[in-house]
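Engineer: Just passing along the structure, written as structure tokens.
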Amino acid sequence: MRQRLFPLVLHLCILFVLMYGYEHYIAPIYGYEGYVFDPDEEGWYAALAMVTVMSLITPVAAHKPSTLFYQVMLSNVIIPMIVLFWAGNRPFEYLAQVMVAYCLVIFLPFCFKITPPHIPFASKSTLRSTLFVLSCAYIVAIFAFGGGAYLNFDFTKVYEFRGEAASNLPGIFGYISPLIAKIIVPVAFVLALLQKKYGMALIVFGATVLIFGLTAHKSTIFIPFMLLFVYAASSGKHLIGKLLLGILTVLVLSVLDFWGAQHYESGYLGWTGDLMMRRMFFIPAHLNYLYYDFFSQNGPVLFSNSKVTLGLLEYPYPLDVPHLIGSEYFYDETTGANTGWLGSGYMQAGFAGLVLYAFIVAAVFKYIDACARQSGDRALITAAVIAPILAVINSADLPPAFLTHGLYINLLLIACLSNRSSNAHSSPEQRARAQRYPDLYQAMPQPRITRP
């Protein structure tokens, strides 16, 4: 019970800070985006009860990567949606459907077993070198197509260069670039540091900066550090406590930043609150409600916007869904309002779409946990998949998450990292040595056991 009490207290603190920040800063400053403050007194008690229940059913055991994903989903999306329900008079019907889908993701993995595919094991050194070569080849290819003409390292001018840099490259780069930036380069960077190949790590980081300059995507710079942070946090103890305390600290700093911007004239104040509290917490929750509002009135798209239906269903709108929502609610066709699996699941098939997506997300989490159990290195597996998992939670429909954001590559990659020599025929001592020295143990010939 004590193990769940501390996370519950932190979840409630996150709820209260988000409520305060929404009332005093988000709604007054960003009301033009649809944030209204119209609280319901009874809704306050309902919000408190919902956060308590969701916290108590959310896993807290840190030996599985999925535990981190559940906690991020609850703190980053579910609790902000509860705040908007209380403060912005948002529909409870959709919030209830979201909580049911969230519960399904938690409990469905107990109902089935998933075994990762058998992929011939390569050492981490070989894998690191392969990823390094792919990263270098990608940069050379961009220069070969004339991408050097759009090289820019100024963060304030990324939107001026991004469109032209992308249109200069063949269409296939629209699929390759996310794989390189979010998976290949960051994992190569982490592996190089873990194996103390500091020269290679420095080169890979230089490649990261260069890819940012060539593609004008700011996230490229931060993803390797995010992976390194996730690995370090997952390697130690008290992962969930550190995660929730970190989130609470970010929110408190955001409130202080907003307060400073109101009382002091400075161009630097207010930026942290906007980036952290509004963009990281309230925008994903707000967009989920906007998706529900639009598609509950106009009907689901039934995967007509996806290649899953092979073009057999006609897509009924002139714009793709993110720009359609941007046009309808922000009055700007160039605004891409992307949302995660909760909003996009409802977009596809209403509540049935949420349930379907819950099954898929639960299966993905179960698969990742199985790979972590086989590899003996939970921290590395968690770091390797965190970027596309965050996209699934916050900003991507599931089909694009698998294809464009490269989740399928991640799932294959972590299968390669699994240590399959630790099998049912080995002794406990052998399994312990395999987990402690995976590369050495893989190189050793294993005895063959012949059954009579």
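The values are calculated or read from the model by the stated rules, or taken from the named source; none is laboratory data. These figures come from a predicted structure and were not determined experimentally. Backbone-built Cβ (ideal geometry, glycine too); neighbour counts: all protein chains shown. We work out accessible area using only protein heavy atoms, side chains counted, and drop any ligands, DNA or RNA first. Shrake-Rupley method; radii C 1.70, N 1.55, O 1.52, S 1.80 Å.
Engineer: What is the one condition in (1) in contact (Cβ under 8 Å) with a residue 12 or more places away in the chain; (2) in a helix (DSSP H, G or I); (3) of a type in the set (A, V, I, L, M); (4) surrounded by fewer than 20 Cβ atoms within 10 Å (Cβ to Cβ) that L319 does not satisfy?
Structural biologist: Only one criterion in (1) in contact (Cβ under 8 Å) with a residue 12 or more places away in the chain; (2) in a helix (DSSP H, G or I); (3) of a type in the set (A, V, I, L, M); (4) surrounded by fewer than 20 Cβ atoms within 10 Å (Cβ to Cβ) is unmet by L319, namely (2).
Engineer: Given region 350-444, what helices (runs of 4 or more DSSP H) lie entirely inside it while holding 2 or more residues that are modelled with pLDDT of 85 or more and open to solvent by less than 50 Å² (accessible area, probe 1.4 Å)?
Structural biologist: Of the helices (runs of 4 or more DSSP H) lying wholly inside region 350-444, those with at least 2 residues that are modelled with pLDDT of 85 or more and open to solvent by less than 50 Å² (accessible area, probe 1.4 Å) span 378-394, 398-403, 407-417.
Engineer: Can you name every residue in region 33-47 that is surrounded by fewer than 17 Cβ atoms within 10 Å (Cβ to Cβ) and either within 18 Å of W271 (Cα to Cα) or within 27 Å of the chain's Cα centre (by Cα) (or both)?
Structural biologist: Hits for region 33-47 are E33, G34.
Engineer: Cβ-Cβ under 6 Å, sequence separation 6+ or interchain: first residue in region 222-233 and assigned to a helix (DSSP H, G or I), partner small (G, A, S) and at pLDDT 85 or above. Which pairs?
Structural biologist: Note: pairs meeting the criteria are I223/A387; L227/A383; V230/A383; Y231/A379; Y231/A383.
Engineer: On the given criteria, is Y346 under 21 Å from the mean Cα position of the chain (by Cα), aromatic (F, W, Y) and surrounded by 17 or more Cβ atoms within 10 Å (Cβ to Cβ)? Give the derivation first.
Structural biologist: Values: under 21 Å from the mean Cα position of the chain (by Cα): yes; aromatic (F, W, Y): yes; surrounded by 17 or more Cβ atoms within 10 Å (Cβ to Cβ): yes.
Considered against the rule, which asks whether it is under 21 Å from the mean Cα position of the chain (by Cα), aromatic (F, W, Y) and surrounded by 17 or more Cβ atoms within 10 Å (Cβ to Cβ), Y346 comes out as yes.
Engineer: Let me ask something else about it. In region 238-255, what residues are free of Cβ contacts under 8 Å to residues at least 40 places away in the same chain and under 13 Å from V60 (Cβ atoms)? Spell out how you get there, then give the answer.
Structural biologist: Here is the first cut: in region 238-255, the residues free of Cβ contacts under 8 Å to residues at least 40 places away in the same chain are 242, 246, 249-250, 253.
Passing the criteria: only K242.
Engineer: Show me the helices (runs of 4 or more DSSP H) found entirely inside region 146-220 where at least 3 residues are in contact (Cβ under 8 Å) with a residue 60 or more places away in the chain and not hydrophobic (A, V, I, L, M, F, W, C).
Structural biologist: 173-179
Residue-wise test of (1) aromatic (F, W, Y); (2) closer than 24 Å to W271 by Cβ; (3) modelled with pLDDT under 85.
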{"position": "G148", "(1), (2), (3)": "no, no, no"}
{"position": "M200", "(1), (2), (3)": "no, no, no"}
{"position": "I203", "(1), (2), (3)": "no, no, no"}
{"position": "A216", "(1), (2), (3)": "no, yes, yes"}
{"position": "V250", "(1), (2), (3)": "no, yes, no"}
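Engineer: When only residues in region 257-276 that are open to solvent by 60 Å² or more (accessible area, probe 1.4 Å) and among the hydrophobic types (A, V, I, L, M, F, W, C) count, which is nearest to K218 (Cα to Cα)?
Structural biologist: W271
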